Amino acid sequence: MKFVAIGNANVDIKVFLEAIPGQDESIDALAITMSSGGAASNFAMAAAKIGIESYIIASLGNDELGKFYLESLRRANVNTSYIKIAEGVRTGLVLILNVLGEDRRMIQSSGANEELSPSDILERRELISSADEVHMATVRPEIAESVLEIREASWDPGMRMILKYKRKIWPLLGKAGKIFLNEKEAQELSGERDPVDCAIKIAKEGTKEIVIKMGSKGSLAYVDGETHRVDAIPVKVVDTTGAGDIFAAVYLKARRRGFSIDDCLKLANAASTIKVSRPSGVDSLPTWDEIQTMKLIFYGK
């Protein structure tokens, strides 16, 4: 089974804090880590960890951060041969502030991510066409359109892109086979409040499958006019980075293997539960066996 992820390639610097310092104040961090990041990168690493032949199409700067990123993904068994190296720009960088008991805060510099172009997608047409699944994550509309001209793909647009390009994203939804959103993204994109209403409105554009992640309220999938909803697994959250991306990777693998929609959601929930319970990094990504065990423990057969 071969998956191709398309999207951002970043280096994440995560700072874990008890509180945000006030103006002209200084505090000690609980921990500071540096790792490869970006939604597409997280998806690709998660896919590799659950036994999938994993590729990524993205753009990096020709700098030390880019070299760090490449080495990180290669260690995670992701094929990086199709990454573009852009001269004269820096690799994308994200500063993530994790405060105990609060949602994370992110400050980012897109850098070389802006250099990925429709022509780069066309140059990689053969890889895109040959994959079992192609997953687009936080890509600009022109990149999504270029991919969807080649084949059907799953798409996780992300809140930043929805806020910036909603009018351009909307006409493309019907060309994507599956759309992955969290609850806030679904509300912003559709203009509805109830998650089911959000999914129904998006489905009217022609999207075959809408999957909405709702955190502690679980997840749902709207497929062929039917709503499938699964409860979340209770968990003490350590780090939510990449949870939605492994959710998507596991859901797509399960769909490819012929699991029912409900079981796909349960497996994806199990994967993201394990992920958020651990500090971020490649080692925190669960294996397929761990995911199946978690599903069995919480949901039963």
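Quick notes
- The set of residues from the range 18-44 being of a type in the set (Ser, Thr, Tyr) and in contact with a helix residue (DSSP H, G or I) (Cβ under 8 Å, 6 or more places away or on another chain) comprises SER35, SER36, SER41.
- Checked against (1) in a loop (DSSP other than H, G, I, E, B); (2) among the basic types (Lys, Arg); (3) within 30 Å of LEU17 (Cα to Cα), LYS184 passes all but a single condition, namely (1).
- When the test is whether a residue is over 23 Å from ILE162 (Cβ atoms), basic (Lys, Arg) and surrounded by 22 or more Cβ atoms within 10 Å (Cβ to Cβ), LYS253 passes it.
- Condition check for SER216: at pLDDT below 95, assigned to a helix (DSSP H, G or I) and either over 27 Å from LEU100 (Cα atoms) or among the polar types (S, T, N, Q) (or both): yes
- For the range 37-57, filtering for residues that are among the polar types (S, T, N, Q) and either over 30 Å from ARG257 (Cα atoms) or within 13 Å of the chain's Cα centre (by Cα) (or both) leaves 2.
- Members of the range 2-50 found to be more than 30 Å from VAL147 (Cβ to Cβ) and of a type in the set (Ser, Thr, Tyr), listed by number: SER26, THR33
- Considering the range 1-15, the residues that are over 17 Å from the mean Cα position of the chain (by Cα) and closer than 21 Å to LEU65 by Cα include one that is surrounded by the most Cβ atoms within 10 Å (Cβ to Cβ), namely LYS14.
- Taking the criterion of being surrounded by fewer than 24 Cβ atoms within 10 Å (Cβ to Cβ), in a helix (DSSP H, G or I) and at pLDDT 95 or above, the residues of the range 256-280 that qualify are ARG256, ILE261, ASP262, ASP263, THR273, ILE274.
- Restricting attention to the range 281-301, the residues that are assigned to a loop (DSSP other than H, G, I, E, B), on the phi < 0 side of the Ramachandran plot and loosely packed, with under 15 Cβ neighbours inside 10 Å add up to 2.
- Residue count for the range 158-191, restricted to those that are among the aromatic types (Phe, Trp, Tyr) and either surrounded by fewer than 16 Cβ atoms within 10 Å (Cβ to Cβ) or within 16 Å of the chain's Cα centre (by Cα) (or both): 2
- Selection status of GLU142, free of Cβ contacts under 8 Å to residues at least 60 places away in the same chain, part of a loop (DSSP other than H, G, I, E, B) and surrounded by fewer than 17 Cβ atoms within 10 Å (Cβ to Cβ): no
- SER129 vs. criteria part of a loop (DSSP other than H, G, I, E, B) and over 20 Å from the mean Cα position of the chain (by Cα): no
- Residue satisfying all of: in the range 224-255; among the polar types (S, T, N, Q) and either modelled with pLDDT under 95 or assigned to a helix (DSSP H, G or I) (or both); farthest from MET1 (Cα to Cα) among these: THR240
- If you go through the range 27-84 and keep only what is surrounded by 23 or more Cβ atoms within 10 Å (Cβ to Cβ), assigned to a loop (DSSP other than H, G, I, E, B) and at pLDDT below 95, you end up with just GLY38.
- Filter result for the condition that a residue is of a type in the set (Gly, Ala, Ser) and closer than 29 Å to GLU152 by Cβ, over SER54, SER35: SER54
- Residues located in the range 125-139, provided they are crowded, with 19+ Cβ neighbours inside 10 Å and either closer than 13 Å to LYS84 by Cα or not aliphatic (A, V, I, L, M) (or both): GLU133, HIS135, THR138
- The residue that is farthest from the chain's Cα centre (by Cα), counting only those in the range 85-105 that are among the β-branched types (Val, Ile, Thr) and surrounded by 18 or more Cβ atoms within 10 Å (Cβ to Cβ), is VAL89.
The values are calculated or read from the model by the stated rules, or taken from the named source; none is laboratory data. Only a predicted model underlies this, so the values are computations on that prediction, with no experimental measurement involved. Note: ideal-geometry Cβ built from the backbone for every residue, glycine included; neighbour counts use all protein chains shown.
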